[in-house]
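Rule-based calculations on the coordinates, nothing more; no lab input. Computed from a predicted structure; not experimentally measured. Cβ placement follows ideal geometry from the backbone for every residue including glycine, while neighbour counts extend to all protein chains displayed.
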Amino acid sequence: MNSGIDLQGSFIEALKELGLPSGVARAVWLPLPMLLMIIGATVGVLVVVWLERKISAAAQQRIGPEYAGPLGVLQPVADGIKLVFKEDVVTAKADRWLFTMGPVLVVVPVFLSYLIVPFGQNIVITDLNVGIFLWIALSSIAPIGLLMAGYASNNKYSLLGGLRAAAQSISYEIPLALSVLAIAMMSNSLSTVDIVQQQSGYGILGWNVWRQPVGFIIFWIAALAECERLPFDLPEAEEEIVAGYQTEYAGMKFALFYLGSYVNLVLSALVFAVLYLGGWEFIVPLDHVAEWLNMTGWVEVSTTTPWLQVITAALGITMTLLKAYFLVFLAILLRWTVPRVRIDQLLNLGWKFLLPVSLANLLITAALKLAFPVAFGG
Amino acid sequence: MNLAEGVQIVSGGILAVMMLATALGVVLLSNIVYSAFLLGGVFISISGLYILLNADFVAAAQILIYVGAVNVLILFAIMLVNKREDFKDIPGRWIRNLSTGVVCGGLFALLGTMILVTPWSINSTSPAVIENTIVEIGKHFFSDFLLPFELASVLLLMAMVGAIILARRDLIPEAMPREETITTSLTLPERPRELASLGGGSGEES
């Protein structure tokens, strides 16, 4: 389990055998994982949009998209193509530069955060030391883009939406960071790969959900608020402020906001799966399964057997995506069943409830770590 | 020169140009909102330079604190009070501009000579390549940098207590005369703050 597949190494070796110098081979390899991740994230968004339409339809006893492709799976693609070809309208007295920069600043950090999401032992773009901290830092750039969009639209509803987005994002970042800090304390590391490895070995029993029952609820609430999903979609509350900061946007710029919000949702679900649901780990520990297979003598396997490595990697990616999409399903279900909170309720919940509770959770985790170093990662 | 060095040199150049351009924009643009947004660009470029110096934790902290908190707060403050007033031309404005320019040029020259004169101990072959920067920073915080660390946290605590005192408006004693509370249709009903000084010191504890 420790080695896993070294895609980078084998790819560069293969190119070298074709006669390319190692520097060129490395340069050819460099953009590939990033490109794959961007495509993967975009396809993930298409899936989520389809899921959202289907699940909301089911919640309201409708059928939902039906004609575009089987079960309407091509509907999000049709939506996307429509948005791409729409006219790019900039309002008369809007600030043209800031109006264009706003959506860009919202989308780019979200895609950058995919750097640290692991799908397997070696199936991650970079295993940074600061790992999960980078995600928190990058997600704090988005409110600047929202403020920019809100200001540049030259519309009071947009400005209100932008200000609400910034206030909400700042308030909920603190409980989010504190609940992540409790996990980092248990794993002795901020690296996402280390955090998953610390949960491995006992299958489903080793996942952090059981050790952080309060932490994961705080994290999920704060993550929903950061993604501006209902019940926390105050910045674009359509009954109060039209559509918040996106009021004046149309065409591709609106599509960027739309894409950014869904990519952020998938990203939060992936990070939740990594932090609390054991990342790429299967329900039963695969190492023990391999040992058991060896003992029964059916097949000789070791951790370096190629087909076992491929199966482990495929299973890892599948498990991560399954967990993430389960959480996305929960988020969609919440969106279509729960009413929106008011702005004062939102801020009260963030500052007067989540913040003290997450601080207490952090202190209790520290105490438990000192008292029971076996179970809480000494 | 291999690939990594080339990338480092090119991105270092891009970051330096970006930082200088955005910093000049912060100072020279007349629209304060542009200045505030460009300030975010300055912070991001500095964070990129930190990454080039292998200080990954400092880079992420720079983005989180300066871009995510300080800059957003500055923008927030500007957007809540932005009134778009046109300033009248002051007679003799050029004297002020000239003196400001002289002071800034002097400061620049002073800092420049300081950088050039100081014998920096740069050795490219550092003996210990630090693997995990967070662990090293933590060790330093709790050994030789303990006092600055604790002082900074006490300072932040004081700032937070002060902010809460300023933000809380219910420290005014109830027994004070209330005829000054005039509410118009456009202002929120709020007790005037000047009364706090009339409370004779007893108001603070209530």
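Descriptive notes on the structure:
- Overall Cα dimensions of the stretch A:23-160, principal axis frame, Å, largest first: 48, 43, 30
- The phi-based Karplus calculation (6.51 cos²θ - 1.76 cosθ + 1.60; θ = phi - 60°) puts the 3J(HN,Hα) values of the stretch A:9-22 at x, 5, 5, 5, 4, 4, 5, 5, 5, 6, x, 7, x, 5 Hz, whole numbers, x for Gly and Pro.
- Cα gyration tensor shape of the stretch B:50-119, rounded if a/c is under 1.5, else prolate or oblate by comparing a/b with b/c: oblate
- The stretch A:1-98: C-alpha gyration tensor shape, a/c 1.5 cut-off, then a/b vs b/c: oblate
- Selected from A:G80, A:G278, A:G206 as most flexible by GNM, with chain A as the system and alpha-carbon contacts under 10 Å: A:G80
- Each residue of chain A gets 170 Å³ once the volume of the Cα convex hull is shared out per residue.
- Sum of side-chain charges, A:S56 neighbourhood, beta-carbon under 13 Å (Lys, Arg +1; Asp, Glu -1): +4
- Within the shell defined by Cβ-Cβ distances under 15 Å, the residues around A:L205 carry a net charge of -1, with Lys and Arg each +1 and Asp and Glu each -1.
- Cα shape, the stretch B:1-113, gyration tensor, a/c 1.5 rule: oblate
- Most mobile of A:A57, A:A313, A:A166 in a GNM of chain A (Cα contacts under 10 Å): A:A57
- Remark: mean inter-chain Cβ contacts per residue of A:121-134 equal 3, using a 10 Å Cβ-Cβ cutoff to other protein chain atoms.
- q = 0.15, 0.22 Å⁻¹: log10 I(q)/I(0) that the Debye formula gives for the stretch A:252-378, counting C-alpha atoms only: -1.02, -1.25
- Exposed loop sites here mean GluC sites (Glu not before Pro) with a DSSP loop assignment and at most 10 other beta-carbon atoms within 10 Å; chain A contains its longest site-free run at A:88-299.
- Cα pair distances exceeding 22 angstrom across the stretch A:106-238, given as percent: 44 percent
- Taken residue by residue and averaged, Cβ atoms of other chains lying within 10 Å of the Cβ of A:140-152 number 5.
- Choice from A:S139, A:S56, A:S22 showing the highest fluctuation, given a GNM over chain A with Cα pairs closer than 10 Å: A:S22
- This ranking places A:L147, B:L111, A:L15 by how few other beta-carbon atoms lie within 10 Å of each, fewest first, which gives B:L111, A:L15, A:L147.
- The peptide list A:37-45, B:25-33, B:101-109, B:56-64, put in order of mean Cβ contacts within 10 Å with the highest first, becomes B:56-64, A:37-45, B:25-33, B:101-109.
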